[in-house]
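I have placed the structure first, in the form of structure tokens, so that the comments after it can refer back to it.
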Amino acid sequence: MKHINNNSDRKFIKDILDKSLDLHVLNLTEVSALIDLDDREVWEEVYDAANRVKEKVYGKRVVLFAPLYLSNECMNDCLYCGFRTGNKNARRKSLTINEAVQEAEFLSGKGYRRLLLVASEHTKRTGVEYFEKVADAIYSNTDIRILHANTAPMSVRNFKKLKASGIGVYQCFQETYHIPSYRYLHPAGTKADYASRLGVMDRAIEAGFEDVGMGVLLGLYDWRWEVGALIAHSRRLINKYGFGPHTLSVPRLQPAEGSEVDFDTFRVSDEDLKKIVAIYRLALPYVGVVISTRERADLRDALLSIGASQISAGSRTSPWGYIEKGDTEQFEVGDSRSLEEVISKLADLGMIPSLCTACYREGRSGEQFRTLAQNEKMKKFCNENALLSLKEYIEDNCSDDEKENLEKLLKDEISKSSNGLIEKMKLVAQGKRDIHT
Ligand code: SAM
Ligand code: SF4
């Protein structure tokens, strides 16, 4: 449908946007029509609808987190990654449990309450037992309230252990659904097995993970094909389990030491990335769309107005990267703003920065989360909990320069909320922590 030049095409796109605004999952014909759309004027309508869908589901809150890289010792050879075995110049490191706690403590001191543990794949270094110890030590010794994990696929048995250690979301990217490209890009190690990677979400869900995070590494193959395949995969999970991915990430290929991937063949432009974010939002209205610091600050700010709902901030992509400079990075970071700078910018954009972890504490996951989101009940939880988390941040972590700006945002938002929220805010001001609904 490249250009919309007749009324029936225009009506079809309008029907798709209306369906999504009613918070229904799109079918693959509808997704293909959006992927194929090449009409700037109509894309503006699509972006507007994506933003409205996001606000219907989540209100104005944007969730913030940081990645904590545990290891860059890897037995795989993914041609695009700085951690690959083929990168002979890499300086390798796996954090000790104590070092992982120190990094988490550093981040909790900045105000983060949610971390994504990231690790390369190494049977001796980063197996499930290591994750169990890291999670136990971080939960016991720091103010971090929820850990997610982006690590190598596991068996159902090991996923059960990972889940029992308190990991909230298990995240893993297919990288590419295109089999010939996958085989070329993953020549060695366990990751070379395409079918095993494709089944990872089934194994995680069967082990009890109701919240799984999915994605493709944009830039490895034609994004149009990959986006269609990822949504098809998500729909299959919804049909089978009653819920699909909790989050979809949009990692875009970055330069990395030792990378052997040609950047230009399947380059995803900024404009393409905007389309992809909007398509994910519209296709799966209740999904969390996650933007990492791979992207530049100005682009990340723009993506938040067209469907993105979670962003990392102040990230380092090497183990020991927060406390010291760290060893080899996985890839170059495009947005080096601190958590405080990102929070301040979100407030200026009229959004509510959120350090909330309430859903994990209240057990709102999987199908229950989807039903609440679809009935537009999540946004009340999200807005109030975001404001409570922001109040904590102001009390405990914020610099004096930013306090006034954030207090004003709180005051404006509280005036629109219920009386109960004022009482809860008072409790936070008195020193009570982790108050949420
Ligand atoms: N090792 C695990 C794996 O490969 O699934 C998980 C951690 S890996 C460090 C996290 C993700 O980083 C990968 O799934 C890949 O999509 C992404 N990544 C790797 N190299 C990248 C690059 N050069 N630019 C952007 N993202 C990259
Ligand atoms: Fe290792 Fe993951 Fe990097 Fe592949 S993407 S080399 S598995 S860390």
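Values as computed for the structure displayed
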item: Given (1) within 12 Å of ligand 1 (Cβ to nearest atom); (2) open to solvent by 10 Å² or more (accessible area, probe 1.4 Å), number of the condition residue 224 does not satisfy; result: (1)
item: Lone qualifier among 178, 186 - being surrounded by fewer than 21 Cβ atoms within 10 Å (Cβ to Cβ), in contact with a helix residue (DSSP H, G or I) (Cβ under 8 Å, 6 or more places away or on another chain) and not aliphatic (A, V, I, L, M); result: 178
item: Lone unmet requirement of (1) assigned to a helix (DSSP H, G or I); (2) buried (at least 21 other Cβ atoms within 10 Å of the Cβ) for residue 317; result: (1)
item: One residue from 41, 45 being away from ligand 2 (no atom under 16 Å from the Cβ) and in contact with a helix residue (DSSP H, G or I) (Cβ under 9 Å, 6 or more places away or on another chain); result: 45
item: Breaking point among (1) more than 16 Å from ligand 2 (Cβ to nearest atom); (2) touching a residue at least 40 places away in the same chain (Cβ under 8 Å); (3) of a type in the set (Ser, Thr, Tyr), for residue 71; result: (1)
item: Qualifying residue in the range 52-60 (condition: touching a strand residue (DSSP E or B) at 6+ places or on another chain (Cβ under 8 Å), of a type outside the set (D, E, K, R) and within 15 Å of ligand 1 (Cβ to nearest atom)); result: no
item: Options 149, 207, 192; residue that is over 15 Å from the mean Cα position of the chain (by Cα), modelled with pLDDT of 95 or more, buried (at least 16 other Cβ atoms within 10 Å of the Cβ) and within 16 Å of ligand 1 (Cβ to nearest atom); result: 192
item: Criterion (assigned by TED's automatic domain parsing to the domain that holds residue 254 and more than 25 Å from residue 129 (Cβ to Cβ)) met by exactly one of 27, 87, 76; result: 87
item: Filtered residues of the range 288-300 (kept if out of contact with any His (no Cβ under 7 Å at 6 or more places or on another chain) and either of a type outside the set (D, E, K, R) or open to solvent by 20 Å² or more (accessible area, probe 1.4 Å) (or both)); result: 289, 290, 291, 292, 293, 294, 296, 297, 298, 299
item: Residues of the range 301-318 classified as charged (D, E, K, R) and under 18 Å from residue 53 (Cα atoms), total; result: 1
item: Tabulated pairs, the range 259-271, first open to solvent by less than 50 Å² (accessible area, probe 1.4 Å), second assigned to a loop (DSSP other than H, G, I, E, B), C-beta under 6 angstrom, 6+ apart or interchain; result: 259/80; 261/79; 261/80; 268/219
item: Check on residue 275, more than 27 Å from residue 68 (Cβ to Cβ) and crowded, with 20+ Cβ neighbours inside 10 Å; result: yes
item: Looking only at the range 95-113, and only at residues there that are among the polar types (S, T, N, Q), part of a helix (DSSP H, G or I) and without any contact (Cβ under 8 Å) to a residue 60 or more places away in the chain, the one that is surrounded by the most Cβ atoms within 10 Å (Cβ to Cβ); result: 108
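The values are calculated or read from the model by the stated rules, or taken from the named source; none is laboratory data. Values in this document were obtained by computation on a predicted structure and should not be read as measured data. A quick note on method: Cβ atoms are made from the backbone with ideal geometry, for glycine too, and the neighbour counts reach across all protein chains shown. Keep in mind that these areas ignore ligands, DNA and RNA; they rest on the heavy atoms of the full protein, side chains included. Shrake-Rupley method; radii C 1.70, N 1.55, O 1.52, S 1.80 Å.
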